[in-house]
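Let me begin by presenting the structure, written as C-alpha cells, before commenting on it.
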Amino acid sequence: MFAKILSTGCYLPARVVANEDLTQFPRPSIPLIAAKTGVEARRHAEESETTSDLALHAAKACVEKSGIDAAEIDGIILSTSTPDRLQPPTATRVQHLLGATRAFALDINAVCSGGIYGLHLADSLIRSGRHQKILVIGAEIYSRFLNPRDFSTYPYFGDGAGALLLGAADEPGVLYTDAGADGAGSELIRVPAGGTRLPWASMQNPDDRFFKMSGRAVYEFAVTKGSEITLAALEKCSLKPAEIRRFISHQANINIVNELAARIGVPEDAFFANLQKYGNTASASVFIALDELIASGGIARGDLAALVAFGGGLAWGTSIIRY
Amino acid sequence: MTKLQSVLTEVCELDGTPVAANAPFGEIKGWDSMRAVTFQVELERLFGVDLSDTMIPANWTLDELAGVLQQKGVTSERLS
C-alpha cells in the first residue's frame, strides 16, 4: 500500500500588507526588507478570522478539487504553531465545519516544518493500511504573535493556510518522507510566554508574548540542514537533482532558497518561490507553494517534486513526491 | 545600567553586561541592520522622538546616540 496526493488547496487572507504599509519602521529601512529576504508583501488575517477559519478555507478548496465527500476522510492532521487556543485542537473545529464526520482530528506543532511532519505521519498511516484518506493542513496566523516593533521578525511573516489530501494507492505517489529534530537549538526560535515554562500570570516583560528568532543562527541551520536532507532524500530514491521537476522549500527567505539551490547544484529557478507575495507562512508555506505550482501548471501529474522544510525546534522534514 | 544600555541589551538579547558607552554599535554581539532598526523603533516609542528619516549607523556609540537624543529634546534625566 502506498499514498499519493489526491488534491491540494490553499487560502490566503484578503488583506495585503505591502512593505510600504509598515509605517512603524523608519522610512530608510523599508528597502532592507526586500533586500534581506525577498519579501515584498504579506497577507494578514482580519481580527475576526482564526487559524481554524484559514484552515477550513484551504481544506474546503482541497476536498472540492478531489471530488470526494468530506465524510470519506479518515483523519485530519493540522499543523500549526499559532493555534486557535491551547486546547482543544484547532483541527477539531475544522473537522466539524468541514463535515468530516468520520475523521480523527489532531494538531501537531513542528513550527515551520510542521506541514512536512504532517505529510510524513499521514503517509505512514496510509502505508500501514489502517487509513485510506488523510487530510493534512498547515495553517498559521503569525501576525497575532509578532511584535509590531521588531524589525527582525515582523516584516517577514504572513498568514495563510495550505492543505493536501493523501489517499491510498497501488503506485507510490509519496516516494519518500523523513523528519528530524535537534532540541539543542530549541531557544533559537520561540514564543517565551503562554506555556508552562512562563505562564501568562508570571510574565514580567509584556514582549515575552511575542515570537522571537535568532536570525543568523537559523539561517546557517536552514541552508546546512536543508541541503543535507534534500540530497539525502534524493539519494534514498536513487534520483539526481536534474530529475526533479521543481524543488519546493519552506518559504523563509529568498537568500536561503537560492543558497539551497547552489548547494544542491541546481539553477535558482529550479526552486519555486512565492515568499515575495506572502512572506513566511511557517508550516503552511510548502503546501501553499505546492498548490500554487500545481494550479499554474508548474507541476503536472507524473512530475517529481522535492519538498523541504526547516525551522523552530529545531526541526526539519523532507519529501520526494510523484504528483 | 542607563536606559539606553537597557534597551540595547534587550534588543540584542545580551546577557546583561552593560555595553560600554564608547563601543561602536557594529562591534556589539548581536548587532545587525535588522536589530538596528528595532533599536531605533524602541527609542522612538520610549522617548517620543521622531527618528523616522534616519538609520542609526553601526559606527555610532551610546554616547553619540545620547547626544542626538538630547538635541531632540530628551533630557539627560530621562536617558539615565
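Averaged across B:46-58, how many Cβ atoms of other chains sit within 10 Å of each residue's Cβ atom?
Neighbouring Cβ atoms belonging to other protein chains average 2 per residue here.
Beyond 18 Å, what percent of the Cα pairs of region A:30-144 remain?
That tail contains 53 percent of the Cα-Cα pairs.
Give the aspartates and glutamates reachable from B:K72 as a straight Cα distance under 20 Å; neighbours fewer than 8 places away on the same chain don't count.
Partners within reach: B:E42, B:E44, B:D50, B:D53, B:D63, B:E64.
Count, for each residue of A:145-151, the Cβ atoms from other chains sitting within 10 Å of its Cβ, then give me the mean as a whole number.
The mean count of partner-chain Cβ atoms within 10 Å per residue comes to 4.
Contact order normalised by length for region A:3-139, with contacts defined as Cα pairs under 8 Å and 6 or more residues apart; what percent is it?
Relative contact order of region A:3-139: 27 percent.
Taking only the alpha-carbon positions of region A:81-125 and ignoring solvent, what does the Debye formula give for the base-10 log of I(q)/I(0) at q = 0.23, 0.24, 0.26 Å⁻¹?
Normalising to I(0) and taking log10 leaves -0.91, -0.96, -1.04.
With the contact rule set at Cα under 8 Å and sequence spacing of 6 or more, what percent relative contact order holds for chain A?
26 percent
Where does the charge balance sit around A:T224 when Lys and Arg score +1, Asp and Glu -1, over other residues with C-beta under 12 Å from its C-beta?
On the way: positive: A:K225, A:R263; negative: A:D182, A:E220, A:E228, A:E259.
Local charge sum for A:T224: -2.
Give, in nm to one decimal, the length gained when the segment between A:Q24 and A:T101 is fully stretched (0.36 nm per residue of separation minus the Cα-Cα distance). Don't skip to the answer; put the middle values down first.
Values: separation 77, 0.36 × 77 = 27.72 nm, distance 4.54 nm.
Here the segment from A:Q24 to A:T101 would lengthen by 23.2 nm.
Sum up the charges of everything whose Cβ sits under 12 Å from the Cβ of A:L125, counting Lys and Arg as +1 and Asp and Glu as -1, but leave A:L125 out.
+1
On average, how many beta carbons from a partner chain sit within 10 Å of the beta carbon of a residue in B:35-45? Please list the in-between numbers first.
Numbers: counts 4, 5, 12, 9, 1, 6, 10, 4, 0, 4, 2.
Taking the mean over all residues of the peptide, I get 5.
Distances longer than 39 Å among the Cα atoms of the protein assembly as shown: what percent of all pairs is that?
Numbers: 17309 of 81003 pairs.
Taking all Cα-Cα pairs of the protein assembly as shown, the fraction more than 39 Å apart is 21 percent.
Could you work out the helix-only [θ] at 222 nm for the protein assembly as shown, with each DSSP H run of four or more residues adding -39,500 (n - 2.57) and the total divided by the number of residues, to the nearest 500 deg cm²/dmol?
Estimated from H runs of four or more residues: -10000 deg cm²/dmol.
Order A:172-185, A:269-282 from most to least packed using the mean count of other Cβ atoms within 10 Å.
The densest-packed peptide leads the list: A:269-282, A:172-185.
Using Stokes-Einstein with the Kirkwood hydrodynamic radius over Cα pairs, what translational diffusion coefficient do you get for region A:11-78 at 10 °C and a viscosity of 1.306 mPa s, in µm²/s rounded to a whole number?
107 µm²/s
Cβ under 10 Å from A:T281's Cβ, A:T281 left aside: what net charge do those residues give with Lys, Arg +1 and Asp, Glu -1?
0
Taking Cα pairs under 8 Å and at least six residues apart, what relative contact order does chain B come out at, in percent? Display every interim value, and only then the final one.
Values: 77 pairs, mean separation 30.6, N = 80.
Reported as a whole number, the value is 38 percent.
In whole Å, what is the distance between the alpha-carbon centres of region B:1-65 and region A:32-70?
Centre-to-centre distance over Cα atoms comes out at 36 Å.
Find how much the distance from A:T196 to A:E220 grows on full extension, using 0.36 nm per residue of separation minus their present alpha carbon separation; answer in nm with one decimal. Mind showing how you got there, number by number?
On the way: separation 24, 0.36 × 24 = 8.64 nm, distance 2.96 nm.
Net length gain for the segment: 5.7 nm.
Provide the descending list of Cα extents for region A:112-239 along its principal axes, expressed in whole angstroms.
Over region A:112-239, Cα extents along the principal axes are 56, 30, 26 Å.
Can you figure out the FRET efficiency of A:E187 with A:D69, using R₀ = 51 Å and their beta-carbon distance, to the nearest 0.05?
0.70
Just to be sure I understand the model, the point goes 7 Å from the Cα along the line to the Cβ. What's the resulting A:M203 to A:D303 distance in nm?
If labels sit at A:M203 and A:D303, their model points lie 4.3 nm apart.
Looking only at A:R43, A:R93, A:R15, which one moves most when chain A is put into a Gaussian network model with springs between Cα atoms under 10 Å?
Among A:R43, A:R93, A:R15, the largest GNM mean-square fluctuation belongs to A:R15.
Tell me, what does the Kirkwood hydrodynamic radius of region A:188-323 come to in angstroms if you use every pair of distinct C-alpha atoms? Each step should come with its number before you reach the end.
Working: mean 1/r = 0.0624 Å⁻¹.
Value: 16.0 Å, from the Cα pair sum.
Using a cut-off of 22 Å between alpha-carbon atoms, which lysines can reach A:K65, once sequence neighbours fewer than 8 places away in the same chain are excluded?
Candidates past the 8-residue exclusion: A:K4, A:K133.
Setting aside same-chain residues fewer than 8 positions from A:K225, which lysines have a Cα under 22 Å from its Cα?
A:K225 reaches A:K36, A:K212, A:K236, A:K240.
Take peptides A:115-122, B:60-67, A:224-231 and line them up by average Cβ neighbours within 10 Å, highest first, as a rough protection proxy. Working shown, then result.
Working: A:115-122: 27.9, B:60-67: 16.5, A:224-231: 19.2.
Put in order of decreasing packing, that is A:115-122, A:224-231, B:60-67.
All of the numbers you see were taken from the coordinates with simple rules; none came from a lab. This structure is a prediction, so every number in the text was calculated from the model and none was measured. FYI the Cβ positions are ideal-geometry reconstructions off the backbone, even for glycines, and counts take in every protein chain you see.
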